[in-house]
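Just passing along the structure, written as structure tokens.
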Amino acid sequence: MSESFEERIAAARALMAEDKATEAFGELRWVFFDPELAGDRERFVEAITALRPILASVVGEQTATVAEAVAQSPDDSQVLYGLGYALIELGLPDVAACALGRANSLTPGEEPIVTELVAALERDGRNQEACEVLRAEPQLCEQSFVCRYLLAFNSVLSADLDGARALLPTLESRESEDEAYMASRVAAMLQRADLLKETSDLGHQDLRGWHFVTTGGLLLHLSPYGFDDGMNGRYAYVSDTMELCKLGLTRLQALLEAWDEAPPWILAPPDRDSQILAAAAEEILGLPVVEYSADAGPGLIVVYDLNRLAQDTPAEILQHSPGQILYAHATCWTDPPRCAPDVTTLLYQALQTPWGERMKVDEDGEVETTAADERTEDDIAADIVAASDENEELESFDPVDALLAVARAAGPGMAFREEEGRRSPLWEGGPVKSSKFV
């Protein structure tokens with residue numbers, strides 16, 4: 001490990017000498033994955049010192065100055081906390097966890113440090129480690145509602161349902177609406193797990209089951225590609241197709257029939273991707289399309305991807321509204337949208353739309369970019385409607401009957417809430433892990 005550490009530090013510094021900050025960080029980031037780094041003062045300081053100019057180049061001097069303070073005072077838990085907090089805000093929870101882990105070892109039992117470390121581990125998908133941090137502080141958990149909630153929440157996301165159930169009664173004494181909401185979140189997860197007892201094993205590869213338990217949403221399609229090689233039903237890179245779009249809409253139709261749901265119309269947000277998908281849904285589902293608005297009322301909201309919504313889309317689309325179902329065809333699991341859709345076709349890490357610019361390899365093995373499809377939304381939608389809905393590979397791997405068994409057990413009332421309120425986030429972690437690009 002020491003040799004690898006030195007090599008990566010040297011490589012990062014060499015890349016910075018060439019003004020390649022992004023590449024340098026890609027090299028340096030690996031050293032922070034070493035669980036022993038936080039406790040090795042000399043190597044920790046060397047890694048933070050190498051990180052400082054990268055941060056200055058990529059995000060600015062303010063965060064770089066905090067890193068410099070850590071390099072000068074690596075035993076100051078408050079300085080370490082400040083860096084960890086800043087790194088979480090920058091979307092670097094893995095590096096943050098290293099700094100906060102060192103702070104926690106120097107000053108154990110301080111609630112702000114413990115909870116921020118747990119936040120970093122959560123965002124890095126390390127829920128079991130988050131539980132271990134919290135269980136190491138029993139007195140703090142006894143005194144702190146937030147820590148008890150975090151332990152219960154991370155227990156669910158670690159597949160420890162019994163542990164979460166044991167903690168649930170300790171969340172009943174709450175002093176604010178936020179605490180009541182947190183307690184209800186854990187209770188709802190456990191209730192959803194109970195609903196699936198007869199239909200899902202909730203094992204380490206049961207992506208659809210755990211997606212429902214943790215978010216309340218239904219996942220229509222499991223990717224067969226690399227399933228047993230680390231992907232477990234999620235896509236890494238997907239070049240989306242008209243056939244996949246149609247598969248999502250036909251499965252959505254079957255889901256609505258299983259739930260005996262009859263939306264009055266389709267609500268379409270203004271972005272081009274969603275307008276195309278909504279036009280196809282109009283033909284497949286036999287529902288008229290109207291423009292989505294903040295006061296649209298009941299209906300089926302059809303979105304291509306919540307991460308690709310137009311800036312002028314009303315923010316209310318992210319909130320529960322009575323009688324509304326939010327369907328998104330594609331959902332990014334490594335850069336999650338602000339909420340989990342009620343229903344989504346697939347989970348991806350990187351995606352190309354069927355009608356946008358696309359990368360392809362030509363006959364000579366060279367990568368080229370093809371132009372976006374400039375036809376009207378209705379013309380492209382017609383291709384989705386006309387696409388084949390027969391795919392033996394996908395159907396044999398993930399038959400629609402398996403989806404409908406989960407859907408019937410879940411019921412529409414648990415998949416989306418009738419009352420107004422916040423939709424669940426799509427959590428970074430969970431019991432089903434998948435390989436991802438770093």
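Quick one: what pairs do we get from region 156-182, first residue modelled with pLDDT of 95 or more, second loosely packed, with under 15 Cβ neighbours inside 10 Å, C-beta under 8 Å, 6+ apart or different chains?
From region 156-182, the pairs are A159/H204.
List, please: which pairs have Cβ atoms under 9 Å, are six or more places apart or on different chains, and start with a residue in region 280-298 that is outside the structural domain of P270 (by TED's automatic domain parsing) and in contact (Cβ under 8 Å) with a residue 12 or more places away in the chain and end with one that is in a loop (DSSP other than H, G, I, E, B) and of a type in the set (A, V, I, L, M)?
If the second residue must be in a loop (DSSP other than H, G, I, E, B) and of a type in the set (A, V, I, L, M), no pairs are left.
Then there is this: Hey, among the residues in region 283-324 that are modelled with pLDDT under 95 and assigned to a strand (DSSP E or B), which one's farthest from S424 (Cα to Cα)?
Of everything passing the filter in region 283-324, Q324 is farthest from S424 (Cα to Cα).
Considering only region 33-59, how many residues are closer than 24 Å to N104 by Cβ, at pLDDT 95 or above and among the hydrophobic types (A, V, I, L, M, F, W, C)?
Residues flagged as closer than 24 Å to N104 by Cβ, at pLDDT 95 or above and among the hydrophobic types (A, V, I, L, M, F, W, C) within region 33-59 amount to 9.
Sticking with this structure for a sec: Among the residues of region 19-43, write down those that are of a type in the set (V, I, T) and surrounded by fewer than 18 Cβ atoms within 10 Å (Cβ to Cβ).
T22
Going residue by residue through region 372-390, is there one that turns out to be surrounded by fewer than 11 Cβ atoms within 10 Å (Cβ to Cβ), at pLDDT 85 or above and more than 30 Å from P288 (Cβ to Cβ)?
For region 372-390, residues surrounded by fewer than 11 Cβ atoms within 10 Å (Cβ to Cβ), at pLDDT 85 or above and more than 30 Å from P288 (Cβ to Cβ): absent.
Restricting attention to region 275-314, report how many residues are buried (at least 22 other Cβ atoms within 10 Å of the Cβ) and β-branched (V, I, T).
Total satisfying the criteria: 4.
Does region 48-78 hold any residues that are charged (D, E, K, R) and assigned to a helix (DSSP H, G or I), and which are they?
R52, E61, E68, listed by residue number.
Related question: Residue check, K246 against (1) touching a residue at least 60 places away in the same chain (Cβ under 8 Å); (2) more than 30 Å from P314 (Cα to Cα); (3) part of a helix (DSSP H, G or I), all met but one. Which one?
Evaluating K246 over (1) touching a residue at least 60 places away in the same chain (Cβ under 8 Å); (2) more than 30 Å from P314 (Cα to Cα); (3) part of a helix (DSSP H, G or I) leaves (2) as the failure.
Continuing with the same structure: When you go through R272, R234 one by one, which is the residue that is among the basic types (K, R), assigned by TED's automatic domain parsing to the domain that holds I380 and surrounded by fewer than 18 Cβ atoms within 10 Å (Cβ to Cβ)?
R272
The values are calculated or read from the model by the stated rules, or taken from the named source; none is laboratory data. Just so it is clear, the structure is predicted and the values come from calculations on it, not from any experiment. Cβ sites come from the backbone with ideal geometry, for glycine too, and all protein chains shown count toward neighbours.
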